[in-house]
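Notes for the one structure printed next.
The values are calculated or read from the model by the stated rules, or taken from the named source; none is laboratory data. Keep in mind the model is a prediction, meaning the values are calculated, not measured. Positions of Cβ are backbone-derived with ideal geometry, glycine not excepted, and every protein chain shown enters the neighbour counts.
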Amino acid sequence: MLIAVVAKPSAGKSTFFKAATLAEVEIAPHPFTTIKSQEGVAFVKIQCVDKEFNIKCNPKYGYCVNNNRFIPVKLMDVPGLIEGSHLGEGLGLEFLNDIREADVLIHIIDISGSTDERGNPVPALSHNPLEDVKFLENELDFWYLGILKKGWDKFTKQIKQENLNIKKALAKQLSGLKITEEIIEQVIKKLKLLHDPKDWSEEDLMNLARELRKITKPMIIAANKIDVQGSKMYLDKLRQEFPDYIIIPCSAESEVALREAAKHKLINYVPGEDNFAIIDEDKLTLNQLRALHFIKEDVLEKYGTTGVQDVLNYAVFNLLKYIAVFPVENAHLTDSSGNILPDCFLMSPNSKAIDLAYQVHTDIGKNFVKAINIKNKQVIGKDHILRNLDVIEIKTN
């Protein structure tokens with residue numbers, strides 16, 4: 001799974017990336033600070049099953065705090081996109097191509113309206129962030145259209161001459177965008193494109209590109225810089241204008257401050273929580289205390305969280321509908337080294353027990369005999385559909 005963070009320049013994309021990964025990235029108040037896509041490890045958060053079994057887990061990957069399991073996911077910070085990116089403006093095509101393999105997009109919006117369409121600083125609330133949503137949709141749709149139309153005349157002639165199946169042929173041509181034959185069939189039916197593809201109009205192709213983009217690059221909006229006074233006005237307008245999007249208020253800068261403070265053992269803070277506790281007030285400067293007070297009153301108490309963890313979780317568990325499954329080697333919930341609940345895998349919807357076996361190891365998949373659902377002691381076969389927070393013991397020959 002790959003999650004891509006996209007936005008116009010200076011919307012707070014790199015700050016969100018740093019907040020989610022604590023990676024050392026350059027953050028500056030001017031456009032094009034990020035000039036090359038970079039990847040890092042972020043974490044989604046679930047309620048760990050160790051609480052159900054009254055034990056304490058020790059994960060091999062990720063970590064667990066107060067029964068909150070944090071599972072690693074791959075996050076990509078894509079350089080800022082501008083109008084005309086799909087035509088190559090500002091290396092836009094190169095940046096767009098970086099997200100070909102992305103499963104889901106997080107669109108960072110400067111909800112404070114303090115940056116213009118090219119990321120230049122302007123007075124707060126002076127730029128309408130609603131335009132930023134329309135801009136990115138437009139760039140992505142035209143990017144998809146450009147890929148779709150590449151060699152279109154030759155493609156349609158070949159289909160007719162060789163009597164090819166349009167769904168299979170299109171799926172093969174667009175496989176780099178994770179477009180399958182099933183998706184093509186679904187969209188063609190929806191748009192009623194049942195006639196000869198050589199007769200499809202420009203509008204037909206644009207509609208096809210748009211629908212394919214919506215399915216293969218689902219998107220959540222992080223309304224960043226919500227801590228700026230007056231930003232909620234735009235948040236309300238954004239939700240009215242784009243009811244089909246999930247829009248989460250976010251203060252990436254606040255999350256960076258909280259995670260850095262926790263890292264240096266100045267506060268106790270669990271990402272995604274609505275509060276934190278200062279460990280030793282004497283170790284904090286007056287400015288640090290003021291900043292923490294501001295975050296508590298103007299972000300956490302108003303919105304419940306900083307939004308960063310919520311955005312990541314929603315992208316994985318709601319948009320992609322992934323589930324978390326714990327594979328174990330025995331009824332003691334350990335592996336061969338004695339680690340308790342060492343692994344937690346994120347699985348795509350409708351994954352089966354055999355899929356989990358192969359994800360653990362190819363040999364385990366090949367030698368699969370049966371599995372046991374530890375929670376209810378039920379023996380399950382390879383085609384059993386897994387559910388969220390299942391704990392599964394796999395038996396091999």
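See the values below:
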| quantity | calculated |
| --- | --- |
| Selection within the range 74-105 - in a strand (DSSP E or B) and closer than 30 Å to LYS232 by Cα | LEU75, MET76, ASP77, VAL104, LEU105 |
| Some residue of the range 368-384 being of a type in the set (A, V, I, L, M), closer than 30 Å to SER254 by Cβ and either modelled with pLDDT under 95 or in a strand (DSSP E or B) (or both) | no |
| Residues of the range 256-291 satisfying the condition of being closer than 25 Å to PRO72 by Cα and part of a helix (DSSP H, G or I) | VAL256, ALA257, LEU258, ARG259, GLU260, ALA261, ALA262, LYS263 |
| Selection status of ASN330, more than 30 Å from LYS217 (Cα to Cα) and in contact (Cβ under 8 Å) with a residue 40 or more places away in the chain | yes |
| Filter pass, GLU241 being crowded, with 17+ Cβ neighbours inside 10 Å and not aliphatic (A, V, I, L, M) | no |
| Residues of the range 106-148 satisfying the condition of being charged (D, E, K, R) and assigned to a loop (DSSP other than H, G, I, E, B) | ASP116, GLU117, ARG118 |
| Qualifying residues in the range 195-230 (those that are out of contact with any Phe, Trp or Tyr (no Cβ under 9 Å at 6 or more places or on another chain) and acidic (Asp, Glu)) - the one nearest to LEU2 (Cα to Cα) | GLU211 |
| Restricting the range 183-223 to residues that are touching a strand residue (DSSP E or B) at 6+ places or on another chain (Cβ under 8 Å) and of a type outside the set (A, V, I, L, M), the residue that is nearest to ILE111 (Cα to Cα) | PRO218 |
| Where ILE108 falls short, out of the listed (1) within 30 Å of MET233 (Cβ to Cβ); (2) of a type in the set (A, V, I, L, M); (3) at pLDDT below 90 | (3) |
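Here's the yes/no breakdown for (1) outside the structural domain of CYS57 (by TED's automatic domain parsing); (2) out of contact with any Cys (no Cβ under 9 Å at 6 or more places or on another chain):
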{"position": "PHE294", "(1), (2)": "no, yes"}
{"position": "ASP310", "(1), (2)": "no, no"}
{"position": "ALA331", "(1), (2)": "yes, yes"}
{"position": "SER337", "(1), (2)": "yes, yes"}
{"position": "LEU356", "(1), (2)": "yes, yes"}
{"position": "GLN359", "(1), (2)": "yes, yes"}
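Results for (1) in contact (Cβ under 8 Å) with a residue 12 or more places away in the chain; (2) surrounded by fewer than 18 Cβ atoms within 10 Å (Cβ to Cβ), shown as yes or no for each residue.
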{"residue": "SER175", "(1), (2)": "no, yes"}
{"residue": "GLU185", "(1), (2)": "yes, yes"}
{"residue": "LEU191", "(1), (2)": "yes, yes"}
{"residue": "ASP196", "(1), (2)": "yes, yes"}
{"residue": "MET206", "(1), (2)": "yes, yes"}
{"residue": "GLU211", "(1), (2)": "yes, no"}
